[in-house]
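One structure is given below, encoded as structure tokens.
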Amino acid sequence: MPLYEHVFISRQDLSNSQAEGLVEHFSTVLSDNGGKVVDSEYWGVKTMAYKINKNRKGHYAFLRTDAPAPAVHEMERLMRLHDDVMRVMTIRVDAHDDGPSVQMQKRDERDGRRERR
């Protein structure tokens, strides 16, 4: 099955448990349609570069999935209809990276950055 990575932003006035509940809800939608969630991360409340629906901040969540295309389309459709979800981005990847995403790594652990002069 194809591999996907999803990032979605939910409204800032949700509690942390409600935002994590959205991750669980969309994970079950995906598994009901024949896919599986390989990994999920809750990135917390972050400030956005611009306002979306009059919100300056949002709860960010990240999912790594292994699912057929119809399951991903159904999950995206339900995300776009959900009132609490503001933005969704899905990309298809060749392979999932091991370990945490770049957002969850500490600054010291990130490699590939050069020193400023």
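The values are calculated or read from the model by the stated rules, or taken from the named source; none is laboratory data. Bear in mind the structure is a predicted one, so any value in this text is a computation, not a measurement. We place every Cβ from the backbone using ideal geometry, glycine too, and count neighbours over all the protein chains shown.
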Any idea which of (1) crowded, with 20+ Cβ neighbours inside 10 Å; (2) not in a strand (DSSP E or B) is the one residue 8 doesn't satisfy? (2)
Candidate set: segment 21-40, residues that are in contact with a helix residue (DSSP H, G or I) (Cβ under 6 Å, 6 or more places away or on another chain) and under 15 Å from residue 74 (Cα atoms); chosen: the one surrounded by the fewest Cβ atoms within 10 Å (Cβ to Cβ): 34
Could you list, in sequence order, the residues of segment 11-21 that are out of contact with any Phe, Trp or Tyr (no Cβ under 9 Å at 6 or more places or on another chain) and not in a strand (DSSP E or B)? 12, 13, 14, 15, 17, 18, 21
Would a scan of segment 17-40 turn up a residue that is hydroxyl-bearing (Ser, Thr, Tyr), at pLDDT 90 or above and over 27 Å from residue 105 (Cβ atoms)? yes
Within segment 52-61, residues among the polar types (S, T, N, Q) and either free of Cβ contacts under 8 Å to residues at least 24 places away in the same chain or assigned to a strand (DSSP E or B) (or both) come out as 55
Do we have any residue at all in segment 42-52 that's at pLDDT 90 or above, under 22 Å from residue 105 (Cα atoms) and among the β-branched types (Val, Ile, Thr)? yes
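Every residue, every condition in (1) modelled with pLDDT of 90 or more; (2) part of a loop (DSSP other than H, G, I, E, B); (3) basic (Lys, Arg), yes or no:
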residue	(1), (2), (3)
63	yes, no, no
71	yes, no, no
75	yes, no, no
78	yes, no, no
88	yes, no, no
98	no, yes, no
103	no, no, no
110	no, yes, yes
117	no, yes, yes
Subset of segment 22-51, residues under 10 Å from residue 63 (Cα atoms), part of a helix (DSSP H, G or I) and of a type in the set (Val, Ile, Thr), comes to 23
